[in-house]
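The values are calculated or read from the model by the stated rules, or taken from the named source; none is laboratory data. On a predicted model such as this, the values are computed, not experimentally measured, just so you know. All Cβ positions, even for glycine, are placed from backbone atoms using ideal geometry, and neighbour counts span all protein chains on display. The accessibility values were calculated without ligands, DNA or RNA, using every heavy atom of the protein model including side chains. Shrake-Rupley method; radii C 1.70, N 1.55, O 1.52, S 1.80 Å.
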Amino acid sequence: MGIHERYNLTNVINAAGTFTPLGVSRSPAIVGQTVAEALSEFFLIDELQDVASAAISQWTGAEAGAVTHCVAASITLAIAAAMAGNAPDRVAALPDTNDMPNRVVLPAGHAINYGHSIVQDVRLAGATPVLAGSAQQCAIEALESELRQARTACLLLVSSRLVGGKPIDIARAVRVAHDCGLPAIIDGAAQDMRVKEILATGADLVLVSAQKYLASPTAGLVIGRKDLVGAVRAHEKGIGRAMKPTKEGICGVLAAIAEREKADLRAWRSMQEEKVARFVQRANDHPGVSATSIADPVGMPFPRAQLTIDPAHAGMDAATLAVALRSGSPSVWVMNHALKEGHMILELVPLSDKELETINSRISAILTA
Ligand SMILES: *Cc1c(COP(=O)(O)O)cnc(C)c1O
């Protein structure tokens, strides 16, 4: 009996991407086996963290790395590290920042909500978030003038769909932070496949999710400067207690990084392209649906399927179709950020051919009912 049957749980087909409310990703078997093995063993957790740091360095070329509970935790702890360093009295004082510079600057368009507000991650450390520019635009000069008054850190975001407003040149923003003597921290939670590229901007810390495309158990990776990574770990004895990684999480991360390093990314990429092409071809048969393959807006190495729904021929709009898909069994979830514009976008990365066929036959059944 499968786990869904055993606990009477809803069967889900996740075409919504690495979406937290759906369980994010599917781990390869070797990651599951490593996690199962770790659960019944004892370790020196500091040693596990050291081994993870070496593995992250080897994978990314960065000086050091650490594992936290998740990216939300990584954001709070990266800010804590930038603000308080590793001094034990300061580690113990947080989130009280009375005697510390505590202003953290981020472009207003980067103050996103990924299930909660990223600004709250900053405040959790005791820092004061300062938004530069407007939601529509943050000129580099506006960022610089806020950074000149702050003495803590600059927080930036790299995301395929959450960032708002006119895009910012991240490498330039990092240089401006450095000119002001401040570290630049980049939340690149879902950008693990581009982590080297993001580190190449000169960022001091890059924060990446281990449970998204890397497909380990839930964990956050803090990657970058050795002193700051060390300070993140020092905060495990402070506010980071509630944000600590588990032994099975760290071991799962090690197995997932080993899988990534072994992977033939070129073959993986063509497999994803072919999968989307097959799905799109079939989806074009539905009445009122024109399907196409679209590239990731920030350069993640796989396409998604975009189904544009013409209500005059489909008999319903994209949002109504998405609700119908979600209400059935299995419950099919698609990306919802472009429904208003008539586009239903599906991320197919973790899905099997059988699941793709189920999605298409469900769309067909709904539109021809
Ligand atoms: C997913 C995500 C997070 C949160 O990651 P968790 O590991 O779930 O805490 C933060 N920022 C961005 C941009 C994300 O996409």
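Data for the structure
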item	result
Violating pairs (Cα-Cα greater than 30 angstrom) within the set Lys196/Lys244; Lys166/Lys354; Lys212/Lys275	Lys166/Lys354
Accessible surface of the chain, 1.4 Å probe, proportion on carbon and sulfur as whole %	52
Burial ranking of peptide ranges 309-317, 130-138 (average Cβ count within 10 Å, highest at the top)	130-138, 309-317
Relative contact order, percent, the chain [alpha-carbon distance under 8 Å, six or more residues apart]	21
Cα radius of gyration and Dmax for the chain (Å)	21.7, 67
Of Leu155, Leu356, Leu348, the one that fluctuates the most in a GNM where the chain has Cα springs shorter than 10 Å	Leu356
Rounded accessible area per residue of the chain, 1.4 Å, Å²	46
Global geometry of segment 94-191, whether rounded, prolate or oblate, following the gyration tensor of its Cα atoms and the 1.5 cut on a/c	oblate
Per-residue SASA entry for Asp99, accessible area with 1.4 Å probe, Å² rounded to 10	110
Whole-number percent relative contact order across segment 1-116, with pairs defined as alpha carbons under 8 Å at least 6 apart	9
10 Å binning of all Cα-Cα separations within segment 1-132, expressed as whole percents from 0 upward	10, 25, 32, 24, 9, 1
Mean ellipticity per residue at 222 nm, deg cm²/dmol - from DSSP H runs of n ≥ 4 across the chain, formula -39500 (n - 2.57)	-12500 deg cm²/dmol
